[in-house]
Amino acid sequence: MPKKRNAGYYQVSKNKPFIELRDYLTENFGDSTLDVNALTEKYGFSDKYFRDRFRELFGSTPTQYLIGLRLNEAARLLLGGSHTVGEVAEAVGFSDIYYFSHLFKKRFGCPPVSLKNRDETIL
C-alpha cells in the first residue's frame, strides 16, 4: 500500500514557484530591467494562470506586487529627505519619473515631492 503524501508538503510544493517569484521580486525590485512576464515563463505556466494563482496567494498580481515594493521603498527613501524624486525613482526601478509620480500619487494620495516635507509616515 503506497504511503499517503503529507498534505502540507504537497501544498508547499504546489506553491513553490509562486513563493520563489515573490522572493525574487522582493530581493530585486530595484532592477529597472526586471520583466515579470519573462520570469513567469520559466515556470511553464500560462500568464493568466500564474497571475491568478499569485493573486490568490499574495493578494495582488506579480506586477502589482512589484510596483508596491518599489513605491514603499520610494516612500521610505523620500522620508529620509536626502534624495531627489528622480534619484529615488531610478533607485527603485522606475525609468520614467512621470509614471513613477503618477503611481506614487495614486497609492499615497500625494505627489512624491510633497512627502519630503511631511512629518508623519504614510507607510
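If you scan the stretch 1-42, which residues turn out to be of a type in the set (Val, Ile, Thr) and either at pLDDT 90 or above or more than 22 Å from the chain's Cα centre (by Cα) (or both)?
Correct list: Ile19, Thr26.
Here are some residues: Leu79, Leu123, Leu71. Which one is modelled with pLDDT of 95 or more and within 22 Å of Asn28 (Cα to Cα)?
Among Leu79, Leu123, Leu71, only Leu71 is modelled with pLDDT of 95 or more and within 22 Å of Asn28 (Cα to Cα).
Might you let me know whether the stretch 102-118 holds any residue that is open to solvent by less than 40 Å² (accessible area, probe 1.4 Å), modelled with pLDDT of 95 or more and assigned to a helix (DSSP H, G or I)?
Yes: the stretch 102-118 contains one or more residues that are open to solvent by less than 40 Å² (accessible area, probe 1.4 Å), modelled with pLDDT of 95 or more and assigned to a helix (DSSP H, G or I).
Say whether the condition of being closer than 15 Å to Ile19 by Cα and either of a type outside the set (Ser, Thr, Tyr) or open to solvent by 40 Å² or more (accessible area, probe 1.4 Å) (or both) is met by at least one residue in the stretch 66-81.
yes
Determine whether Arg53 is modelled with pLDDT of 90 or more, open to solvent by 60 Å² or more (accessible area, probe 1.4 Å), part of a helix (DSSP H, G or I) and in contact with a Phe, Trp or Tyr (Cβ under 9 Å, 6 or more places away or on another chain).
no
Would you be able to say whether some residue in the stretch 65-81 is part of a loop (DSSP other than H, G, I, E, B) and without any contact (Cβ under 8 Å) to a residue 60 or more places away in the chain?
Yes, the stretch 65-81 has at least one match.
Within the stretch 82-93, restricting attention to residues that are outside any helix (DSSP H, G or I) and not hydrophobic (A, V, I, L, M, F, W, C), which residue is surrounded by the most Cβ atoms within 10 Å (Cβ to Cβ)?
Result: Gly93.
The values are calculated or read from the model by the stated rules, or taken from the named source; none is laboratory data. All figures in this text were calculated on a predicted structure; none of them were measured in a lab. Note that we place each Cβ from the backbone using ideal geometry, even for glycine, and neighbour counts take in every protein chain shown. Surface accessibility is based on the protein's heavy atoms, side chains included, excluding ligands, DNA and RNA. Shrake-Rupley method; radii C 1.70, N 1.55, O 1.52, S 1.80 Å.
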